[in-house]
Amino acid sequence: MGKNITQKIIESHLVSGRPVPGEEVSIRIDQTITQDATGTMAYLQFEAMGVDRVKTELSVSYVDHNTLQYGGYENADDHRFLQSVAKKYGIYFSKAGNGICHQVHLERFAVPGKTMLGSDSHTPTCGGLGMLAIGAGGLDVAVAMGGGPFNLIYPKVVLVKLSGRLRPWVSAKDIILELLRRLTVKGGVGKVFEYGGEGIKTLSVPERATITNMGAELGATTSIFPSDEITREFMRAQKREDQWVELLPDPDAEYDEVIEINLDELEPLIAQPHSPDNVCRVRDIEGLKVDQVCIGSCTNSSYRDLMLVAEVFKRGHRVHPDVSMTVSPGSRQVLDMIAHANGLATLIEAGARILEATCGPCIGMGQSPPSDAVSVRTFNRNFEGRSGTKSAKVYLASPEVAVACAIYGEIRDPRVLGDPPQVETPKEFIVDDSMILPPAEDPSTVEVIRGPNIKPLPIKEPLPATLEGKVLIKLGDNITTDHITPAGSWLKYRSNVPKYAESVFSVIDEKFHEKAKSAGGGFVVGGENYGQGSSREHAALCPMYLGIKAVIAKSFARIHRDNLINFGILPLVFSDPADYNHIDEGDHLELVGLDELAPDRPVILKNHTKATELKLNHNLTERQIEILKAGGKLNYTKAQRANP
């Protein structure tokens, strides 16, 4: 039986375990990336492990989230810390203004067939170039930088078979929106989406990267395209053809599932508030007044995306008087390229506001919409309040749809604009890596600089035989990491856990952190897909600091479940989803027999308030149980290093 691409990469990097869906395996990691919202904590954890130099082939630290450095010294201090840590420990450092980690890495560092772990959930972007790129918590990335393997449940591999060709004004964004429409934000859990079929030959690497980037919203482990001649052309244009390798599935490769999409049949789509899977046709909601249009993010900020928008404006159009429009280039290279192609001047003349090459509005860093506003964004997430304005209604769409909305001041199908402009992938990109700083040759000459906002890393005690406390909050389905620890202005406290912990569930209950502290900790109860969204480990670390002992839910998002385990919080699942209805906020719970925690052995929950008893599942492996018993992955890793 032939191998698919995913199997080839995993098996060539296999450290331990059987490559069988549902079983835990360990794989070697070639590259890592971090960004400033998650990287500060990751490097504090790396330092705590006592490793003197990264062991990966390549590790890169990016500053792309908090580049405004506003409201005080915190962000600037943390960026200085990140730069000094990178210089000392063998990590390349991409300075603020150089661009979004996923876009820059795709351009300058991604290599087909390699594995990459990133402390950002949109790390799978580089799957558009044939990498097995996986998002994870910062502690997992720190362990990988220290030479440790990455553990994951061997995924099912889904072939997304593309046929035909996209029609005018339909784009790669519509392909991933169609998958979200069909499968929902839970449809990719435990799966890798591998793209194939004749249709992939019509998609450039940046278009492929749009699809793999937003595959994170499916809950997928990752997404990947073959490395073919289209990949080779892109790498040649980036002056990196020597790193290209062909990577294709075997002709007789088998897959666990097959999904077919005929590109000829797609039309412009849009995700309505407040979930990326709330997808409909643009023409179904045409005429809705639009207040803001934001083009950019790691999903749609390539040269092709921005030049397409510029070419539309070159036809004499302008931004509607009632619309505020922003453009965020994905990298300094993109900004330089559109400037040389006269696209930047066109965007400015049309009335667009040009932002820095950064994440920006996507993570609530500037450009919060007005109250009750409609904002159309080419981003990947539209969770309630993520924009910084809770009452705003955020829609997700392609650059084609977004520019039509900007011109008309209402949601419009872009096919009203006539024939689409043709934007070709450049034969050669402008390459200037001067804002990517190499590490020091002699680390002993480097002092790590710590600002006063960097607080000591909280460490959890080993797991006791019994956990007891109250249910501090009961939540519904699809609770996101933005609900647990908001982004936006709170991100400047990413290296100050005691302060950041004040944000936990604040968008739901402003007094939650006070309640948790006064109760001495307790339990959280959730519904389906608890912890979806960002990879930010603070959504586990801050609750741990507040004394959260276990989270009991109907199901978990992959990265967040791993983060809970990494920080010693027990993730438990109702054996019968109906049991969710038998626990209420304020109930006094007790989990017993945890000293005998073992795979396939349920955990007994006693609800003393209701005088009832339930069985809870956990699906933990032996390794994960050992991590929990040690009080988290940092304790576990340090013990392993001390006793190899």
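Any idea which of (1) more than 27 Å from LYS492 (Cα to Cα); (2) touching a strand residue (DSSP E or B) at 6+ places or on another chain (Cβ under 8 Å); (3) acidic (Asp, Glu) is the one ASP336 doesn't satisfy? Here ASP336 clears every test but (2).
Within this structure, VAL290 passes the test of being in contact with a Cys (Cβ under 6 Å, 6 or more places away or on another chain), crowded, with 19+ Cβ neighbours inside 10 Å and at pLDDT 95 or above. Scanning segment 497-520 for residues that are buried (at least 19 other Cβ atoms within 10 Å of the Cβ) and either touching a residue at least 40 places away in the same chain (Cβ under 8 Å) or outside any helix (DSSP H, G or I) (or both) turns up VAL497, TYR500, ALA501, VAL504, PHE505, VAL507, PHE512, ALA516. Looking only at segment 61-112, count how many residues are buried (at least 24 other Cβ atoms within 10 Å of the Cβ), aliphatic (A, V, I, L, M) and not in a helix (DSSP H, G or I). Residues that pass the stated criteria total 4. Candidates LYS554, LYS633: the one that is closer than 30 Å to PRO124 by Cα, among the charged types (D, E, K, R) and modelled with pLDDT under 95 is LYS633. In a residue-by-residue description of segment 181-193, the property of being among the polar types (S, T, N, Q) and either more than 20 Å from the chain's Cα centre (by Cα) or crowded, with 24+ Cβ neighbours inside 10 Å (or both) applies to no position.
Taking the listed residues LEU437, LEU417, LEU396, the one that is within 27 Å of ARG236 (Cβ to Cβ), among the aliphatic types (A, V, I, L, M), crowded, with 17+ Cβ neighbours inside 10 Å and modelled with pLDDT of 95 or more is LEU437, with no other qualifying. Does VAL592 satisfy the condition of being over 25 Å from the mean Cα position of the chain (by Cα), surrounded by fewer than 17 Cβ atoms within 10 Å (Cβ to Cβ) and aliphatic (A, V, I, L, M)? Yes: the conditions hold for VAL592. Filtered by the rule that a residue be of a type outside the set (S, T, N, Q), more than 13 Å from PRO571 (Cβ to Cβ) and in a helix (DSSP H, G or I), segment 615-644 gives GLU622, ARG623, GLU626, LYS629, ALA630, LYS633, LEU634, TYR636, LYS638, ALA639, ARG641, ALA642. Please specify each residue of segment 263-287 satisfying the condition of being in a strand (DSSP E or B) and surrounded by fewer than 19 Cβ atoms within 10 Å (Cβ to Cβ). Hits for segment 263-287 are CYS280, ARG281.
Determine if segment 39-50 includes at least one residue that is under 24 Å from VAL334 (Cβ atoms) and touching a helix residue (DSSP H, G or I) at 6+ places or on another chain (Cβ under 8 Å). Yes, some residue in segment 39-50 is under 24 Å from VAL334 (Cβ atoms) and touching a helix residue (DSSP H, G or I) at 6+ places or on another chain (Cβ under 8 Å). Which of the residues spanning segment 523-546 are free of Cβ contacts under 8 Å to residues at least 60 places away in the same chain and more than 14 Å from PHE505 (Cα to Cα)? GLY527 - this is the single residue of segment 523-546 that is free of Cβ contacts under 8 Å to residues at least 60 places away in the same chain and more than 14 Å from PHE505 (Cα to Cα).
When residues in segment 38-53 are screened for being at negative phi, more than 23 Å from the chain's Cα centre (by Cα) and either crowded, with 20+ Cβ neighbours inside 10 Å or not hydrophobic (A, V, I, L, M, F, W, C) (or both), 3 of them pass. If only residues of segment 58-78 that are in contact with a strand residue (DSSP E or B) (Cβ under 6 Å, 6 or more places away or on another chain) and not β-branched (Val, Ile, Thr) are counted, the one that is nearest to MET145 (Cα to Cα) is SER59. Criterion applied to ASP284, ASP256 was being assigned by TED's automatic domain parsing to the domain that holds THR202, at pLDDT 95 or above and out of contact with any Ser or Thr (no Cβ under 6 Å at 6 or more places or on another chain), and the one residue passing it is ASP256. Selection of segment 296-328 for residues being surrounded by 24 or more Cβ atoms within 10 Å (Cβ to Cβ) and farther than 14 Å from ALA350 by Cα yields GLY296, SER297, CYS298, THR299, ASN300, SER301, SER302, TYR303, ASP305, SER328. Entry remark, segment 198-235: residues being free of Cβ contacts under 8 Å to residues at least 60 places away in the same chain and not acidic (Asp, Glu) number 6 in total.
Within segment 536-554, the residues that satisfy the criterion of being in contact with a Pro (Cβ under 6 Å, 6 or more places away or on another chain) and surrounded by fewer than 24 Cβ atoms within 10 Å (Cβ to Cβ) are TYR545, LYS554. Checking each residue in segment 578-599 for being in a helix (DSSP H, G or I), over 18 Å from THR466 (Cα atoms), in contact (Cβ under 8 Å) with a residue 12 or more places away in the chain and out of contact with any Gly (no Cβ under 9 Å at 6 or more places or on another chain) picks out ASP579, HIS582. Residue-level check: of (1) assigned to a loop (DSSP other than H, G, I, E, B); (2) modelled with pLDDT of 95 or more, VAL20 misses just (2).
Scanning segment 231-255 for residues that are farther than 14 Å from LEU106 by Cα and surrounded by 14 or more Cβ atoms within 10 Å (Cβ to Cβ) gives LEU247, LEU248, PRO249, ALA253, GLU254, TYR255.
Restricting segment 555-585 to residues that are touching a Pro at 6+ places or on another chain (Cβ under 7 Å) and buried (at least 17 other Cβ atoms within 10 Å of the Cβ) leaves a set whose member that is farthest from THR221 (Cα to Cα) is ILE569.
Conditions (1) not in a helix (DSSP H, G or I); (2) not charged (D, E, K, R), marked per residue:
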position	(1), (2)
GLY187	yes, yes
TYR195	yes, yes
GLY199	no, yes
THR212	no, yes
GLU233	no, no
ASP242	no, no
ASP250	yes, no
ILE261	yes, yes
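All conditions in (1) in a loop (DSSP other than H, G, I, E, B); (2) in contact (Cβ under 8 Å) with a residue 24 or more places away in the chain hold for ARG415, with the sole exception of (1).
From the set of residues in segment 523-535 that are part of a loop (DSSP other than H, G, I, E, B) and in contact with a Leu (Cβ under 9 Å, 6 or more places away or on another chain), which is surrounded by the most Cβ atoms within 10 Å (Cβ to Cβ)? Let's see the steps before the verdict.
Kept after step one, since they are part of a loop (DSSP other than H, G, I, E, B), are these residues of segment 523-535: 526-529, 531, 533-535.
Filter once more, so that each one left must be in contact with a Leu (Cβ under 9 Å, 6 or more places away or on another chain): 526-527, 531.
Values: GLY526: 24, GLY527: 17, GLY531: 27.
Selected residue: GLY531.
In segment 311-332, the residues that are polar (S, T, N, Q) form Cβ pairs under 6 Å with partners that are modelled with pLDDT of 95 or more and assigned to a strand (DSSP E or B), at six or more places apart or across chains, as follows: SER324/GLN292; THR326/CYS294; THR326/ARG353; SER331/GLY99. Any residue that is within 22 Å of HIS483 (Cβ to Cβ) and either of a type outside the set (Asp, Glu) or modelled with pLDDT of 95 or more (or both) - is there at least one of those in segment 590-613? No: zero hits.
The values are calculated or read from the model by the stated rules, or taken from the named source; none is laboratory data. Please read these numbers as outputs of a predicted model, since none were measured by experiment. Here the Cβ is made from the backbone with ideal geometry for all residues, glycine too, and neighbour counts use every protein chain on show.
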